[in-house]
1. Examine the stretch 177-192 for a residue that is in contact (Cβ under 8 Å) with a residue 40 or more places away in the chain, over 28 Å from residue 54 (Cα atoms) and surrounded by fewer than 17 Cβ atoms within 10 Å (Cβ to Cβ), and state whether such a residue exists.
2. In the stretch 98-135, which residue that is touching a Leu at 6+ places or on another chain (Cβ under 8 Å) and polar (S, T, N, Q) is nearest to residue 199 (Cα to Cα)?
3. Give the residue that is farthest from residue 36 (Cα to Cα), with candidates limited to residues of the stretch 218-263 that are of a type in the set (Val, Ile, Thr) and out of contact with any Pro (no Cβ under 7 Å at 6 or more places or on another chain).
4. With the structure loaded, tell me whether residue 242 is without any contact (Cβ under 8 Å) to a residue 40 or more places away in the chain and closer than 30 Å to residue 29 by Cβ or whether it fails that test.
5. Which members of the stretch 108-128 meet the condition of being farther than 16 Å from residue 89 by Cβ and of a type in the set (A, V, I, L, M)?
6. Return a yes/no flag: does the stretch 44-51 have any residue that is open to solvent by 30 Å² or more (accessible area, probe 1.4 Å), under 30 Å from residue 213 (Cα atoms) and within 11 Å of the chain's Cα centre (by Cα).
7. Just to be sure before I move on: is residue 77 surrounded by fewer than 17 Cβ atoms within 10 Å (Cβ to Cβ), free of Cβ contacts under 8 Å to residues at least 60 places away in the same chain and touching a helix residue (DSSP H, G or I) at 6+ places or on another chain (Cβ under 7 Å) in the structure I sent?
8. Kindly provide the set of residues from the stretch 123-141 that are open to solvent by less than 10 Å² (accessible area, probe 1.4 Å) and either closer than 30 Å to residue 242 by Cβ or of a type in the set (Phe, Trp, Tyr) (or both), ordered by number.
Amino acid sequence: MPTPFRSVLAGLVLAAAVAMPALADGLKDEIAPTGKLRVAIAISPAGGAFWSTKTDAGYAGVPVDLGKEMAAQLGVPVEYVVHQNSGQITDAASKGTWDVTWLPKDPERETKMLFGPIYEVADATYIVKPGSNITNFAALDQPGVKVAAVNATTTMRGAVSHLKHAKVAGYQTYDEIFGLLKSGEIDAFALSRDQLNKMAQKIPGTRVLDETFKKTVTAVAVPLGHQQSLAFVTKFMNEAVTNGTLRKAYDSNGLKDTPIRTE
């Protein structure tokens, strides 16, 4: 190999070696500007693939486990930024208070954050109060019927679009709606079927309707403009599906019988 060519090749290799750490540092500056990976989570007793729960030791949930693993890959500590619902997480997307999250995706939220791969697809329906004679959507969608949803969520927007006569009202927390349903102050609650099935076990006399009004997809997300972060979290989630990280997070959070649905 001619000497000039070897010199050029050596220079290219050296430049690449210098650039690689710089890229890594650039990613950390974007995805963990405080030196920690700030993971936005929403707290409720519902559990599932999106909600997290408060525990004696801190927090538990699929996003909690994924955030911890992602921080470990980045080599930074994890910090959980707690919200009451996904709408609050969305509202905070432009405020620089969190770095990554996992939450339901819809067209409105796509204008406020960047989404990576979907990891859950859930059926949204309604649960009706104890003793209700409502058995289907037609009976539910009547004037005077009160339907609750968690405020500013994809499920609430879906329920508002779906119901033409019943009134949909938003509340900040799952717990608040749980209490209203149990006492009969509302007629129904819109949420994903798996979580409503668990709720039905806790409130005797309630019924989860058989029909589905919306498919809710949940995905990893980062703030707008964070392109390096998006590339990293996309790679992380694709690998999490294939290497068992996501399955482990499901199994550790009471979802052993829940399939991973990426489409």
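The values are calculated or read from the model by the stated rules, or taken from the named source; none is laboratory data. All of these numbers come straight from a predicted model, not from anything done at the bench. Backbone-built Cβ (ideal geometry, glycine too); neighbour counts: all protein chains shown. These accessible areas exclude ligands, DNA and RNA; they are computed on the full protein's heavy atoms, side chains included. Shrake-Rupley method; radii C 1.70, N 1.55, O 1.52, S 1.80 Å.
1. No, the stretch 177-192 contains no residue that is in contact (Cβ under 8 Å) with a residue 40 or more places away in the chain, over 28 Å from residue 54 (Cα atoms) and surrounded by fewer than 17 Cβ atoms within 10 Å (Cβ to Cβ).
2. Only one residue tops the list, namely 125.
3. 258
4. Values: without any contact (Cβ under 8 Å) to a residue 40 or more places away in the chain: yes; closer than 30 Å to residue 29 by Cβ: yes.
Criteria met by residue 242.
5. 118, 121, 122, 124, 127, 128 - these are the residues of the stretch 108-128 that are farther than 16 Å from residue 89 by Cβ and of a type in the set (A, V, I, L, M).
6. No, the stretch 44-51 has no match at all.
7. Details: surrounded by fewer than 17 Cβ atoms within 10 Å (Cβ to Cβ): yes; free of Cβ contacts under 8 Å to residues at least 60 places away in the same chain: yes; touching a helix residue (DSSP H, G or I) at 6+ places or on another chain (Cβ under 7 Å): yes.
For residue 77, the condition - surrounded by fewer than 17 Cβ atoms within 10 Å (Cβ to Cβ), free of Cβ contacts under 8 Å to residues at least 60 places away in the same chain and touching a helix residue (DSSP H, G or I) at 6+ places or on another chain (Cβ under 7 Å) - is met.
8. Once the filter is applied, which keeps residues that are open to solvent by less than 10 Å² (accessible area, probe 1.4 Å) and either closer than 30 Å to residue 242 by Cβ or of a type in the set (Phe, Trp, Tyr) (or both), the stretch 123-141 yields 124, 126.
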